[in-house]
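The values are calculated or read from the model by the stated rules, or taken from the named source; none is laboratory data. Quick caveat, the model's predicted, so the values are computed rather than measured. As a convention, Cβ positions derive from the backbone with ideal geometry for all residues, glycine included, and neighbour counts pool all protein chains shown. Just the protein is used for accessible areas: all its heavy atoms, side chains included, with ligands, DNA and RNA removed. Shrake-Rupley method; radii C 1.70, N 1.55, O 1.52, S 1.80 Å.
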2 protein chains.
Amino acid sequence: MSEPEHISIIDSPKHVGETVRIGAWLTDKRSSGKISFLQLRDGTAFFQGVVVKNAVTEEVWNLAKEMHQEASFWVTGEIHEDKRSHFGYEIEISNIEMVGESEGYPITPKEHGIDFLLDHRHLWLRSRKPFAIMHIRNEMIRATYEFFNKEGFIKMDPPEITNSAPEGTTELFHIDYFDTDAYLSQSGQLYMEAGAMAYGKVFSFGPTFRAEKSKTRRHLTEFWQMEPEMAFMHQEESLQIQERYIAYMVQCVLDKCAYDLKLLDRDPEILKRYTKTPFPRITYDKAIEMLQSAGYDTKWGADFGSPEETYISDQFEQPVFVMNYPKAVKSFYMKSHPTRDDVYICADLLAPEGYGEIIGGSEREDNYDVLKQSILDHHLSLDDYGWYLDLRKYGSVPHSGFGMGLERAITWICHLDHVREAIPFPRMINRLRP
Amino acid sequence: MSEPEHISIIDSPKHVGETVRIGAWLTDKRSSGKISFLQLRDGTAFFQGVVVKNAVTEEVWNLAKEMHQEASFWVTGEIHEDKRSHFGYEIEISNIEMVGESEGYPITPKEHGIDFLLDHRHLWLRSRKPFAIMHIRNEMIRATYEFFNKEGFIKMDPPEITNSAPEGTTELFHIDYFDTDAYLSQSGQLYMEAGAMAYGKVFSFGPTFRAEKSKTRRHLTEFWQMEPEMAFMHQEESLQIQERYIAYMVQCVLDKCAYDLKLLDRDPEILKRYTKTPFPRITYDKAIEMLQSAGYDTKWGADFGSPEETYISDQFEQPVFVMNYPKAVKSFYMKSHPTRDDVYICADLLAPEGYGEIIGGSEREDNYDVLKQSILDHHLSLDDYGWYLDLRKYGSVPHSGFGMGLERAITWICHLDHVREAIPFPRMINRLRP
Ligand SMILES: [Mg+2]
Ligand SMILES: [Mg+2]
């Protein structure tokens with residue numbers, strides 16, 4: 001007899017009726033006299049292994065009965081359909097070869113507190129919910145590369161270590177860079193603008209850092225951002241790219257992650273709404289009106305907090321663009337509105353279901369004198385930003401860009417309570433390990 | 001007449017004989033009485049615009065004559081084939097609309113020193129050589145995602161901020177993390193091992209950091225690493241993935257970057273050699289023998305420096321694996337050789353043409369007691385590495401992984417003199433801006 005083929009659980013549908021070999025871990029088990037049910041995982045999916053006492057050696061039967069949660073082994077057996085399970089397939093086990101024992105695995109099927117789980121994140125990643133989230137995260141990353149490559153963007157990586165601090169040093173992590181001061185980047189945008197002038201359409205996708213002391217469910221100190229920047233492009237076209245991108249990414253998750261959505265109990269019918277473009281748009285002025293009519297005390301000129309963003313997004317079935325924010329609550333590099341002195345040409349994209357801002361973007365100020373004045377007005381150093389001004393000195397062009405926070409988008413798409421579950425090893429003010 | 005279509009230069013081949021509109025910058029120009037040749041770029045490619053005095057208005061003719069290097073504008077014109085150029089197409093210009101002036105652009109067609117160019121990196125990126133390198137970098141990144149996705153890996157991002165220092169703190173950047181000490185990660189590997197136990201096959205691709213004071217042509221303080229980690233996998237299968245991956249990436253560059261290779265004057269025939277697998281393999285013992293026969297003074301037990309790596313790689317037409325290094329020159333987490341107490345199951349992949357190590361990898365120690373002893377022998381803290389030991393306590397499995405330095409691989413594939421040209425904004429001991 002030939003050796004059984006070594007497969008992954010996820011490939012079971014292609015091997016129904018065949019005898020295969022799988023490297024797996026035990027997640028749970030139960031026994032009823034002459035039959036044992038082993039819940040197995042191999043990192044690609046979860047499914048059930050069935051051991052029938054009369055069909056295996058005594059040694060295998062005893063192994064199945066005695067092994068502990070998270071023991072690792074090779075199983076050999078025949079793949080069957082199993083319509084009662086999420087996954088739809090199971091394996092009828094004929095042999096088990098132990099690989100690694102597991103005594104006293106700390107994460108049991110009972111409920112654990114969040115601090116306990118985060119302290120054991122290196123093991124918690126093996127559980128069903130983190131599994132589903134990380135698979136969806138992977139698909140969102142894959143879809144992002146696919147989308148921007150198809151649209152003619154090239155990936156350009158801005159530096160993580162910088163000598164300057166665009167929005168003040170209080171929210172930046174300080175680094176001892178040999179004999180000088182440096183900071184961890186909280187956005188690559190300014191560098192991406194240099195990239196757009198060189199390569200037309202560029203995107204970055206990497207970690208960024210914010211030394212925020214806030215402990216809200218939306219904040220991490222280390223988070224991944226995706227920041228496209230486009231030359232010869234006004235804000236209107238940028239908004240169209242943003243909505244096409246979000247719709248594409250959600251569609252990819254629907255196409256490739258049906259199993260993960262089931263594990264999370266996330267209704268695909270809700271996600272389908274987000275694959276339809278265009279997304280609704282309102283101005284900041286209109287948002288203020290809506291808030292005030294609903295009894296909010298928010299004055300024109302104020303930034304939106306979580307309650308305001310949630311109220312606004314609840315009025316729509318899709319993500320909604322809020323356009324043209326007051327200058328005081330946005331950044332020095334944004335382009336002034338042509339007919340309104342008090343607002344920028346910018347927009348935030350608010351996710352539905354109360355998840356708040358997932359994208360922030362704008363047209364960039366392309367006039368040398370206006371930008372220079374803005375730098376001075378914001379008490380920034382012309383020495384630090386001279387290179388950035390150069391982009392307006394030598395062939396300035398209209399250009400626009402945006403930034404998406406990956407973990408916030410995952411939190412929304414997976415319908416999570418807290419952004420800390422959207423990244424493998426979350427970093428927060430009180431959380432630096434493992 | 002309908003509006004001319006707005007296209008990118010790279011799409012010219014699809015528009016021969018059509019009148020189109022392109023947003024572009026001027027890189028150079030020359031004039032001969034009644035005809036002006038404008039060298040244009042738009043970030044997707046470089047090509048020539050031809051202005052014939054009699055065919056345009058006086059205003060356009062004067063614009064063409066008077067505009068400076070890096071001025072930006074919209075050009076309208078008809079696409080023609082141009083067999084004499086690298087690119088193969090040109091545009092016969094009928095109209096020019098200025099967008100941005102450019103006076104005194106610092107990077108002229110003459111030669112500039114490297115420090116001057118690096119000080120102007122935000123502009124230098126626009127030049128032909130950086131353009132070609134960044135397009136090849138982009139394709140290598142794209143090919144990496146494609147390869148590992150096809151092979152069933154998921155992308156998992158390890159943390160950048162860590163509380164511990166696997167290989168001592170002298171080469172790590174220190175961060176003030178609120179009230180505690182933290183470090184920038186120089187490798188995500190240990191975290192990727194937790195990922196492999198959870199998801200089977202994982203890869204990371206992100207920035208890593210090394211506070212190295214060395215000023216060699218191979219060192220950056222901030223560089224991108226790609227680190228796959230595979231559960232239930234021995235070193236042999238990992239080596240096969242490594243050679244398949246490198247061959248795939250080089251093939252993608254050959255397929256997609258012919259124009260960029262031409263700009264760099266890089267002979268595709270040489271690169272074709274690297275698309276053939278398997279790659280040759282020698283042991284460290286054999287490498288020592290070869291070096292000593294060639295008159296090198298290298299003793300068994302010594303690590304290889306640049307001269308040794310160059311000599312070894314020069315003996316092969318393809319990348320070469322050097323296997324089973326002495327324990328003293330490699331890392332505590334590697335798996336001991338089954339029949340040799342003095343070496344690990346590990347391999348470095350040395351690039352041809354004198355480019356040295358581009359991949360380092362190994363099977364990982366999967367025995368709890370052996371790894372614990374290794375941690376103690378290396379004076380590492382069991383408190384810091386308790387979570388890492390857990391991976392051997394709860395269902396340990398044979399597993400292997402490797403890390404590729406992106407910039408070193410680019411330096412090799414593009415045949416560059418120095419790794420600093422392989423990243424958009426290089427960070428080195430004396431280089432932190434722009
Ligand atoms: Mg906001
Ligand atoms: Mg080495």
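Note on B:Ser85 and A:Lys65: with the Förster distance fixed at 60 Å, the Cβ-Cβ geometry gives a FRET efficiency of about 0.20.
When you look at the Cβ of every residue in B:349-357, what mean number of other chain Cβ atoms sits within 10 Å?
Across the residues of B:349-357, the mean count of other-chain Cβ atoms within 10 Å is 0.
Placing a label point 7 Å from the Cα of A:Lys14 along the Cα-to-Cβ direction, the residues of region A:108-149 whose backbone N falls under 20 Å of that point are A:139. Shortest first, B:Asp267 label-point distances to identical copies amount to 6.5 nm, with the label point at 7 Å from Cα along Cα→Cβ. The order of B:Val329, A:Val51 by accessible area, most exposed first and with a 1.4 Å probe, is B:Val329, A:Val51. For the pair B and A, the buried accessible area comes to roughly 7500 Å² in total, with a 1.4 Å probe and the value rounded to the nearest 100. Interface burial in region A:362-410 reaches 40 Å² or more for A:Trp387, A:Tyr394, A:Gly395, comparing the full protein assembly with the chain by itself; accessible area from heavy atoms with a 1.4 Å probe.
Taking Cα atoms only, the orientation of helix A:368-377 departs from the longest principal axis of chain A by about 80 degrees.
Measuring heavy-atom accessible area with a 1.4 angstrom probe and counting protein chains only, the residues of region B:418-433 that give up at least 30 Å² relative to the chain alone are B:Pro424, B:Phe425, B:Arg427, B:Ile429, B:Leu432, B:Arg433. Take each peptide in A:362-369, A:332-339, count the other Cβ atoms within 10 Å of every residue, and average; sorted highest first, the result is A:362-369, A:332-339. Each copy carries a label point for B:Gly386 at 7 Å from Cα toward Cβ; from one copy, the others' points are 5.2 nm away, ordered from shortest. For the pair B:Ser214 and B:His174, a Förster radius of 22 Å applied to the C-beta separation gives a FRET efficiency near 0.75, rounded to the nearest 0.05.
The base-10 log of I(q)/I(0) for region B:5-100, evaluated at q = 0.15, 0.18 Å⁻¹, reads -0.49, -0.72 [Debye formula, identical scatterers on Cα atoms, solvent excluded]. Residues in region A:394-406 carry Karplus couplings, in order, of 10, x, 5, 9, x, 8, 9, x, 7, x, 10, x, 4 Hz; the curve used is 6.51 cos²θ - 1.76 cosθ + 1.60 with θ = phi - 60°, and Gly or Pro positions show x. Summarising the label geometry, the points placed 7 Å from Cα in the beta-carbon direction at A:Ala258 and B:Glu5 lie 3.7 nm from one another. For region B:285-334 and region B:127-144, what is the separation of their Cα centres, given in Å? Measuring centre to centre over Cα atoms gives 31 Å. Between helix A:235-256 and chain A there is an angle of about 0 degrees, using the helix long axis and the longest principal axis of the Cα atoms.
Sequentially through region A:200-217, phi angles give Karplus couplings (6.51, -1.76, 1.60; θ = phi - 60°) of x, 10, 10, 9, 10, 7, x, x, 9, 9, 9, 7, 7, 7, 5, 10, 7, 6 Hz, Gly and Pro residues having no value and appearing as x. Considering only beta bridges that DSSP places wholly inside chain A, some 85 percent are antiparallel. Annotation: per residue accessible area for region A:270-381 equals 44 Å², rounded to a whole number [probe 1.4 Å, protein chains only].
Averaged over its residues, region B:5-100 has an accessible area of 45 Å² per residue, based on protein heavy atoms and a 1.4 Å probe.
Which net charge results for the neighbourhood of A:Glu222, defined as the other residues with beta-carbon distances under 9 angstrom from its beta-carbon, given Lys and Arg at +1 and Asp and Glu at -1? Taking every Cβ under 9 Å from that of A:Glu222, the sum is +1. The share of accessible area on the protein assembly as shown that comes from carbon and sulfur is 47 percent, using a 1.4 angstrom probe.
What is the sum of charges around A:Glu81, taking Lys and Arg as +1, Asp and Glu as -1, for the other residues whose C-beta is under 15 Å from the C-beta of A:Glu81?
With Lys, Arg at +1 and Asp, Glu at -1, the neighbours total -3.
Only DSSP H runs of four or more residues enter the estimate; each adds -39500 (n - 2.57), and after division by the residues of the protein assembly as shown the mean residue ellipticity at 222 nm equals -9500 deg cm²/dmol. When the other protein chains are added to the chain by itself, burial of at least 20 square angstrom of heavy-atom accessible area (probe 1.4 Å, ligands and nucleic acids ignored) affects these residues of region B:206-229: B:Pro207, B:Phe209, B:Glu222, B:Trp224.
Projected label points at A:Arg244 and B:Asn163, each 7 Å from Cα along the beta carbon direction, are separated by 4.6 nanometres. Stretching A:Ile114 away from A:Lys53 to a fully extended chain increases their span by 18.0 nm, per 0.36 nm per residue minus the current alpha-carbon distance.
Charge tally for A:Asp157 (other residues, Cβ to Cβ under 11 Å; Lys, Arg +1; Asp, Glu -1): -2.
Between amide H atoms placed 1.01 Å from N, distances below 5 Å from A:Gly49 occur with A:Leu38, A:Gln39, A:Leu40, A:Ile91, all of them 5 or more places distant or on a separate chain.
When each of the peptides A:32-40, A:74-82 is scored by how many other beta carbons lie within 10 Å of its residues on average, the order from highest to lowest is A:74-82, A:32-40. Inter-chain neighbour count for B:60-66: the average number of beta-carbon atoms from partner chains within 10 Å of each residue's beta-carbon is 0. With its label point defined 7 Å out from Cα along the Cα-to-Cβ axis, A:Lys110 lies at 8.0 nm from the matching points of the other copies, in increasing order.
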